[in-house]
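Worksheet: the structure to be examined is printed underneath.
Each value in this text was obtained by applying a stated rule to the coordinates, not by laboratory testing. Since the model is a prediction, treat every value here as computed from it, not as a measurement. When we count neighbours, we look across all protein chains shown, and the Cβ atoms used for this are built from the backbone with ideal geometry, even at glycine.
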Amino acid sequence: MSIPQKIEEIKKSIPEDVTLVAVSKTKPNEAIMEAYDGGYRIFGENKPQELTRKFSELPKDIIWHMIGHLQTNKVKYIAPFVSLIHAVDSLKLLKEINKQALKNDRVIDCLLQFHIADEDTKFGLDLSDAAQIINSEEYQNMQNVRILGVMGMATYTDDENQIRSEFSNLKSIYSELKSNFFSGEESFKEISMGMSGDYKLAIQEGSTMIRVGSTIFGARDYSNK
Ligand SMILES: *Cc1c(COP(=O)(O)O)cnc(C)c1O
């Protein structure tokens, strides 16, 4: 099956209002252009340098999502063009995004990343960290970031019940934040959860945005990196 056919097949299997982010990290421009020529526009990358290079080399109507962990000192490279930053996990990072967005005269959309997995290698906030950020005077004064929702990654395991309960936990976190802080904000509506191995479960648990790489583009090869 071609790349556009795979995208089509996933799109057919998910609700219309769930956004599919085609995760193109490590893949060459040609693979992205195959998807692009098939009509697809939303791509996710997890390294600022690779994202910036692909942005400069590829058509300008691509909607780029930064899905990976982002270091503060790298924000400036992606601030001119990035559409959505999925993994905001500190006030410090949010401040820098706001600062760079202001420099570029834009508002940058973000998601707060939560730690939902049973692994300490994965980044993310808990509910009280998030409340602290949102309640801070610094955040209240930020004019150039907009928080659209939450993001999380489930544990890498075969245990479907565990994955399901982690996704369900993220959905509860979303609902809590929505009612406590964003009830008046229609734009706070995204729950980014689900990857190639678990997006079907994620959608059952309320995902509005799935990030799918290897099912679309094939397995990644890190051997010569
Ligand atoms: C790589 C990556 C994905 C996609 O993973 P696949 O298993 O290839 O679908 C999704 N989310 C994040 C944050 C990633 O880094």
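Roughly speaking, what is the stretch gain from Asn135 to Lys12, that is 0.36 nm per residue apart minus the C-alpha to C-alpha distance, in nm to one decimal?
Working: separation 123, 0.36 × 123 = 44.28 nm, distance 4.02 nm.
Roughly 40.3 nm would be gained on extension.
State, to one decimal in nm, how far the label point of Lys47 lies from the label point of Thr19, with both points 7 Å from Cα in the Cβ direction.
Distance between label points: 2.5 nm.
How long is the gain from Glu119 to Lys99 if the chain were fully straight, where each residue apart is worth 0.36 nm and the alpha carbon distance is subtracted? Present the calculation step by step, with values, prior to reporting the outcome.
On the way: separation 20, 0.36 × 20 = 7.20 nm, distance 3.18 nm.
Length difference between fully extended and current span is 4.0 nm.
To one decimal place, what Kirkwood hydrodynamic radius in Å is obtained for the range 153-225 from all pairs of distinct Cα atoms? Walk me through the numbers before you get to the answer.
Values: mean 1/r = 0.0738 Å⁻¹.
Result for the range 153-225, one decimal place: 13.6 Å.
Take the alpha carbon atoms of the range 151-180, find their center, do the same for the range 1-40, and report the distance between the two centers in whole angstrom.
Going from one Cα centre to the other spans 25 Å.
Within 10 Å of each candidate Cβ there may be at most 11 other Cβ atoms; applying that plus a DSSP loop requirement, which GluC sites (Glu not before Pro) in the range 1-103 survive? Could you put the intermediate results ahead of the total?
Values: sites: Glu8, Glu9, Glu16, Glu30, Glu34, Glu45, Glu50, Glu57, Glu96; in loops: Glu16.
Qualifying residues, ordered by number: Glu16.
From the backbone phi of the range 44-50, what are the Karplus-calculated ³J(HN,Hα) couplings (6.51 cos²θ - 1.76 cosθ + 1.60, θ = phi - 60°) in whole Hz, Gly and Pro given as x?
With the stated coefficients, the range 44-50 comes to x, 10, 10, 10, x, 5, 5 Hz.
Could you estimate the translational diffusion coefficient of the range 3-224 from the Stokes-Einstein equation, with Rh from the Kirkwood formula over C-alpha pairs, at 20 °C and 1.002 mPa s, in whole µm²/s?
On the way: Rh = 17.8 Å.
It comes out at roughly 121 µm²/s.
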